[in-house]
Amino acid sequence: MIACVVGTRPEVVKMAPIIAALRRRNLPHCVIATGQHHDWSMMGSFLTGFGITVDHQLVLTDRSLLGSFVEITAGLGALFAAEPPKLVLAVGDTTTVVAAAFAARKTGSAFGHVEAGLRAFSRELPEEEHRICADALADLLFAPTSFAVANLTREHVNGRVILTGNTVLDALREHRPAVATERHGVLVTIHRQETVDDPQALASVIAQIDRLGRDHDVVWPLHLRTRAKAQEAQLTLPRHATITEPLGHVEFLARLANARLVVTDSGGVQEEAAILGTPCVTVRAHTERVETLEAGVGLLALPGEIYEVASRIFADWAAFARPLPELYGDGRAGEKIAHACDEWLSRSILRELVA
Ligand code: UDP
């Protein structure tokens, strides 16, 4: 049995192609949702959109960083102890991923980390710690790019590293958006802790988005965390932008494919923007999606620099607006991961027989 663990919307998007490939190969698997994202707009609509049925649902009572880590680790540990999976898979860099890695290894299951090897080279980011821990514990490391492979090689990880491409491309092809001939407007997503938990940084983002909204049609589907943090800090959302609830994946991709620019601190959105040829202002001091910067389709901006960096992109728009799906493989990453799991399980059964 392979246990596929998901906690947040991007994990559903990126796990979906793997689940589909496991299904095609008739490999026994189950899906566990950890409850990190739990409402319809951030989780339910994504599971339904990809036709995924959850076999086990954890319910969290403590949503603090430490509390959720402890609860998810204990909840997964109990499930794995009751019915030990041979292999546990998790994707990305959230609390769910690092908890899944520990729970798997502490109960005798192997762990496979999807999207292994990403590094922003900034230890202040909780995501970076999660990635490093998950990669250190993993038996199988599915690296999406050659940059990720190089990072893992440098760290001498113990597990087996396999270059697969990123399942974000497979998922995007499943939800392929129509692209209009004329692109229009700016799409915004902001949710990372280092930005929205800092009232000054969030105020700065809001002011910059408002300024952009005076020149362009700006749509900002607001992450639930961002809405809560803005309320907590008593910040008024930009008047010159259309604020919406989080969008479903199909609608979000359609907007991204037809925008002239995206302003985001999201990992997955940086990748989808590069695939679709939507120039990207990445609101971060560092990014682990270095391939987008190397390829010249995105620029970093600190919160106070968003308007200026966006203006630089608009001034040379065609140079940034290049669709580069090949950055993330050939759209068959899910299939490659399922194949590697299949092979690994067959070998482990052989090892057990010989022992
Ligand atoms: N997304 C979406 N609706 C939205 C915002 C984002 O469907 O309103 C999708 C987006 O297409 C991408 C994923 O959510 O696939 C990115 O998730 P998020 O930004 O929450 O997390 P990250 O990728 O930074 O971990």
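The values are calculated or read from the model by the stated rules, or taken from the named source; none is laboratory data. Remember, it's a predicted structure, so these values are computed and weren't measured experimentally. All Cβ positions, glycine included, derive from the backbone under ideal geometry; neighbour counts span all protein chains shown. Quick note on the areas: whole protein, heavy atoms, side chains included, nothing else; ligands and nucleic acids left out. Shrake-Rupley method; radii C 1.70, N 1.55, O 1.52, S 1.80 Å.
For the chain, the solvent-accessible area with a 1.4 angstrom probe is 42 square angstrom per residue.
Across the stretch 257-355, the mean sequence separation of Cα contacts (distance under 8 Å, 6 or more residues apart), normalised by length, yields a relative contact order of 25 percent.
Note: relative contact order over the chain, using C-alpha pairs below 8 Å and six or more positions apart, is 16 percent.
How far is helix 306-315 tilted off the main Cα axis of the chain, in degrees rounded to 10, range 0 to 90? So the helix axis and the longest Cα principal axis differ by about 80 degrees.
A cut-off under 13 angstrom between Cβ atoms defines the neighbours of residue 335, and their net charge, with Lys, Arg +1 and Asp, Glu -1, is +1.
Between 0 and 90 degrees, the angle of helix 126-137 with respect to the longest Cα principal axis of the chain falls at about 20 degrees. Under 5 Å from the amide H of residue 324 lie the amide H atoms of 275, 276, 277, each residue being 5 or more positions distant or on a separate chain, with H modelled from the backbone and absent for Pro and chain starts. Taking a Cβ cut-off of under 10 Å around residue 121, the surrounding Lys, Arg, Asp and Glu residues balance to a net charge of 0, with basic ones at +1 and acidic ones at -1. For the stretch 93-109, 3J(HN,Hα) computed residue by residue from phi via the Karplus equation (6.51, -1.76, 1.60; θ = phi - 60°) reads 9, 8, 4, 3, 5, 5, 5, 4, 4, 5, 4, 5, 5, 7, 10, x, 9 Hz, glycine and proline entered as x.
My understanding is that a pair violates if its Cα-Cα distance is over 30 Å; which of 86/336; 14/86; 86/229 do that in this structure? As for pairs spanning more than 30 Å Cα to Cα, those are 86/229. Peptide packing for 84-90, 219-225 was compared via the average number of neighbouring C-beta atoms within 10 Å per residue; ordered from the highest value, the list is 84-90, 219-225.
Centroid-to-centroid, using Cα positions, the stretch 201-248 and the stretch 1-78 are 29 Å apart. Assuming charge only on the beta carbon of Lys and Arg (+1) and of Asp and Glu (-1), the dipole of the stretch 111-246 about its Cα centre is about 240 debye to the nearest 20.
The distance from the alpha carbon centre of the stretch 96-137 to that of the stretch 311-355 is 17 Å, rounded to a whole number.
Annotation: extensible slack from residue 122 through residue 330 equals 71.9 nm (criterion: 0.36 nm per residue apart, minus Cα-Cα distance).
The order of the peptides 207-214, 316-323 by mean Cβ neighbours within 10 Å, most packed first, is 207-214, 316-323. Could you grab the Rg to Rh ratio for the chain? Cα atoms only, Kirkwood for Rh. Rg/Rh for the chain comes to 0.97. Shown are 348, 204, whose ranking by accessible area with a 1.4 Å probe and every protein chain present, most to least, is 204, 348. Among the protein heavy atoms of the stretch 63-104, carbon and sulfur supply 73% of the accessible surface, probe 1.4 Å, non-protein parts ignored. Between 0 and 90 degrees, the angle of helix 249-258 with respect to the longest Cα principal axis of the chain falls at about 40 degrees. Give the relative contact order (percent, whole number) for the stretch 79-151; include only Cα pairs under 8 Å separated by 6+ residues. Over the stretch 79-151, the number comes to 33 percent. Remark on residue 218: its backbone amide H falls under 5 Å from those of 186, 242, a criterion applied only to residues 5 or more positions apart or on other chains, H modelled at 1.01 Å from N.
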